Amino acid sequence: MTQATTGPAAADERVARRDPLRRLLVRPELGALIGAVALFVFFSATADAFLQTSSFSTVLYASSTFGIMAVGVSLLMIGGEFDLSAGVMVTSSALVASLVSFQLTLNVWAGVAISLAVTLALGVLNGLLFVWTKLPSFIVTLATFLMLAGANLGVTKAVTGNVASDSIRDMDGFASAKDVFASEVDMGGVNVNVTVFWWIAFTVVATWILLRTRAGNWIFAVGGNADSARAVGVPVARTKIALFAGVAFCAWFSGMHLLFAFATVQSGEGVGNEFFYIICAVIGGCLLTGGYGSAIGAAIGAFIFGMVNKGIVYADWNPDWFRFFLGAALLAATVVNHLVRRRAER
């Protein structure tokens, strides 16, 4: 009897190896990956220009500009919160760097550093207000969104007399900063914007944090059940504040790309982009309730966004249909993610 119950058939199921299909089914980005492949095949068949290297480079660029932010937003959503100020914060960071550099005649790198400090402070402020007031993050960051949108326009008009910042193209440090934030890399005769490589780097770092560090465990824990996480010693408040600061850092980086790509910034830009960041994260498998998702999925969601955005143009369709297709992609990915997750749990 002892031998019969201790043989291979009675092996502990907790250490048993799962088959590859089952491991694949529990990945949150599976639905987004299926959708990305389907869209790629669809636009490849319907738009002749889609597979041209220059066109695909444009798709990657469009994906990267939203993907960098989507990665930061995905971590915050896994932690169970939202940041509706993320879109205008990108513009705020660019305006701070531009206005400070131009008005004080500083090297633009000084403006970049000041902008980083200010933007991180805004992210920490969002986190502190959320922790102190215990209001939903939706309300806290909605208030921040409105204040930043008003401040962007009001301060810019007060300082420059216009709705846009002054050009800093001829200022010291502009060329070197452009190399970092907005240059292009020649790859086999095709120019690829540096933001594509930064997007990949942000995704890799965020994935490493989520899957290989204690902080990643904390993020999943506070998003799944903050009270239970607190009961086992997870620093819930610090984790959430850090996640808001992470979104702010991504906003600063995106703002620097915006500034050095065009040398001037329109104060009204960024309004509404926060919803696109959230859409990319949700398409990528992040749950609105928190505790589930991945940075890779958010990156794939941004790639879907870029394909839809540019694929419609390459297919010579009316661009007014862009939001329709984006909404359809969101709905399809959400349904697939839900069904796959339920099946994996069973």
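The values are calculated or read from the model by the stated rules, or taken from the named source; none is laboratory data. Note that the structure is a prediction, hence the values are computed from the model and not measured. Cβ: placed from backbone, ideal geometry, glycine included. Neighbour counts: every protein chain shown. The accessibility values were calculated without ligands, DNA or RNA, using every heavy atom of the protein model including side chains. Shrake-Rupley method; radii C 1.70, N 1.55, O 1.52, S 1.80 Å.
Counting only alpha carbon atoms, the long axis of helix 137-160 and the longest principal axis of the chain meet at about 20°. The shape of the stretch 92-159 can be summarised by an equivalent ellipsoid whose semi-axes, obtained from the alpha carbon gyration tensor, come to 27, 14, 6 Å from longest to shortest.
Solvent exposure of the stretch 62-345 amounts to 43 Å² per residue of accessible area, where only protein heavy atoms count and the probe is 1.4 Å.
In degrees between 0 and 90, to the nearest 10, how far off the longest principal axis of the chain does helix 214-224 point, with axes built from Cα atoms? Helix 214-224 sits at roughly 80 degrees to that axis. Across the chain, the relative contact order, built from alpha-carbon pairs under 8 Å that are at least six residues apart, equals 36 percent. Taking the C-alpha atoms only, the angle from helix 322-345 to the longest principal axis of the chain is near 30 degrees.
Other residues lying with their Cβ under 9 Å from the Cβ of V192 contribute a combined charge of -2, Lys and Arg counting +1, Asp and Glu -1.
FRET efficiency for the W208 to T105 pair, using the beta carbon distance and R₀ = 51 Å, is estimated at 0.80. Placing unit charges on the Cβ atoms only, positive for Lys and Arg and negative for Asp and Glu, gives the chain a dipole magnitude near 1280 debye about its Cα centre. Computing FRET efficiency as 1/(1 + (r/R0)^6) for F324 and L146, where r is the C-beta to C-beta distance and R0 is 35 Å, gives about 0.80.
Spatial offset of the stretch 180-207 relative to the stretch 97-122 amounts to 24 Å, using the alpha carbon center of each.
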